Ligand code: NAP
């Protein structure tokens, strides 16, 4: 039995759609106050309305220090604390080496890695004052474990988040602040729907579980990291991928057999 988190406060960045929306809905269901953050207020407010009275929207671009600081100040003003930060906002435009520009590289690293640093930095004064906090980064299997053509910058940003996490976890341990990461495999988001059924089926075929993950598979793991009971876990990344990184060759999938 887990200690209820009702009444605590979570900030979820990148919460207008996809995995962030799933995080916001799941934490909202668990009774936390949710600050739903994206660059577009109307989109953030739509998700907040789905959650109910314990949620509200806020517009912030996580690449901007002032926006991140305003995000943290607003959570405290509206709800009185920041118990959990889900630093989830991220982008994944593709560009192969040789075509990738310096601007492409800076955009991805600036959003995914520097944006993580800025979001975390913004909540620290409040979490340190509380002597308690939970930070959950959304990394990926891409970068820390796997690669995919077109995503060298993205993979670097997602592996970089884990490097950031390990030192942050040590530095913040004295304040009882944990820093962990969820590492999603292929998750069924609204964006994935646009890729078509054939793409979804071929992606699912590469996963031992033979299906894509849901946004709630990620949210449930994040909720665990946010729990009282996970208080002694810090600096850890958890793959949530239906076993996708396990087969050592396509033959391993062929040899699986059926139940
Ligand atoms: P998504 O559906 O494209 O949603 C991205 C979210 O981030 C949106 O809410 C977007 O809102 C927000 N966002 C983007 N740039 C932002 C910025 N500068 N400031 C504030 N918010 C920003 O993406 P997703 O697939 O759910 O991915 C979410 C996270 O999971 C990312 O970190 C991604 O790397 C990671 N991930 C996803 C998968 C997957 O299969 N989907 C797999 C592994 C890892 P606005 O546009 O309104 O700002």
Next on the checklist: I need the full set of residues from the range 128-138 which are in a helix (DSSP H, G or I) and either surrounded by 24 or more Cβ atoms within 10 Å (Cβ to Cβ) or on the phi > 0 side of the Ramachandran plot (or both), in order please.
Outcome noted: none
Next on the checklist: For the range 163-187, give me each residue that is in contact with a strand residue (DSSP E or B) (Cβ under 7 Å, 6 or more places away or on another chain) and within 16 Å of the ligand (Cβ to nearest atom).
Outcome noted: 165, 179, 180, 181, 182, 183, 184, 185, 186, 187
Checklist entry - Is there a residue in the range 249-259 that is in a loop (DSSP other than H, G, I, E, B) and either in contact with a helix residue (DSSP H, G or I) (Cβ under 7 Å, 6 or more places away or on another chain) or in contact (Cβ under 8 Å) with a residue 60 or more places away in the chain (or both)? => result no
Item to check | Yes/no for residue 173 being buried (at least 17 other Cβ atoms within 10 Å of the Cβ) and either within 21 Å of the chain's Cα centre (by Cα) or more than 20 Å from residue 254 (Cα to Cα) (or both) | outcome: no
Checklist entry - Just checking, how many residues over the range 104-127 are in contact with a strand residue (DSSP E or B) (Cβ under 8 Å, 6 or more places away or on another chain) and over 16 Å from residue 10 (Cα atoms)? => result 1
Checklist entry - Which residues, taken from the range 73-105, are more than 14 Å from the ligand (Cβ to nearest atom), touching a helix residue (DSSP H, G or I) at 6+ places or on another chain (Cβ under 7 Å) and either without any contact (Cβ under 8 Å) to a residue 40 or more places away in the chain or not in a loop (DSSP other than H, G, I, E, B) (or both)? => result 76, 84, 104, 105
Checklist entry - Would the range 63-72 turn up any residue that is within 15 Å of the ligand (Cβ to nearest atom), farther than 19 Å from residue 142 by Cβ, touching a residue at least 60 places away in the same chain (Cβ under 8 Å) and not in a helix (DSSP H, G or I)? => result no
Next on the checklist: So for the range 36-49 (the condition being modelled with pLDDT of 95 or more, away from the ligand (no atom under 14 Å from the Cβ), crowded, with 18+ Cβ neighbours inside 10 Å and under 21 Å from residue 123 (Cα atoms)), does at least one residue qualify?
Outcome noted: no
Next on the checklist: Which pairs turn up if I take residues in the range 106-124 that are closer than 16 Å to residue 76 by Cβ and look for partners that are surrounded by fewer than 21 Cβ atoms within 10 Å (Cβ to Cβ) with beta carbon separation below 6 Å, at least 6 apart in sequence or on another chain?
Outcome noted: 122/69
Next on the checklist: Suppose the filter is in contact with a strand residue (DSSP E or B) (Cβ under 8 Å, 6 or more places away or on another chain), closer than 28 Å to residue 134 by Cβ and either touching a residue at least 60 places away in the same chain (Cβ under 8 Å) or assigned to a strand (DSSP E or B) (or both); does residue 157 pass it?
Outcome noted: no
Item to check | Of all residues in the range 50-62 being free of Cβ contacts under 8 Å to residues at least 40 places away in the same chain and outside any strand (DSSP E or B), the one that is nearest to the ligand (Cβ to nearest atom) | outcome: 61
Next on the checklist: Exactly one of these conditions fails for residue 19: (1) within 7 Å of the ligand (Cβ to nearest atom); (2) in a helix (DSSP H, G or I); (3) free of Cβ contacts under 8 Å to residues at least 40 places away in the same chain. Give me its number.
Outcome noted: (3)
Checklist entry - over 30 Å from residue 127 (Cβ atoms) and within 16 Å of the ligand (Cβ to nearest atom), is that true of residue 204? => result yes
Checklist entry - Restricting attention to the range 139-156, and to residues there that are closer than 23 Å to residue 226 by Cβ and near the ligand (Cβ under 9 Å from one of its atoms), which single residue is surrounded by the fewest Cβ atoms within 10 Å (Cβ to Cβ)? => result 141
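The values are calculated or read from the model by the stated rules, or taken from the named source; none is laboratory data. As the structure is a prediction and not an experimental result, all values here were calculated from the model. We place every Cβ from the backbone using ideal geometry, glycine too, and count neighbours over all the protein chains shown.
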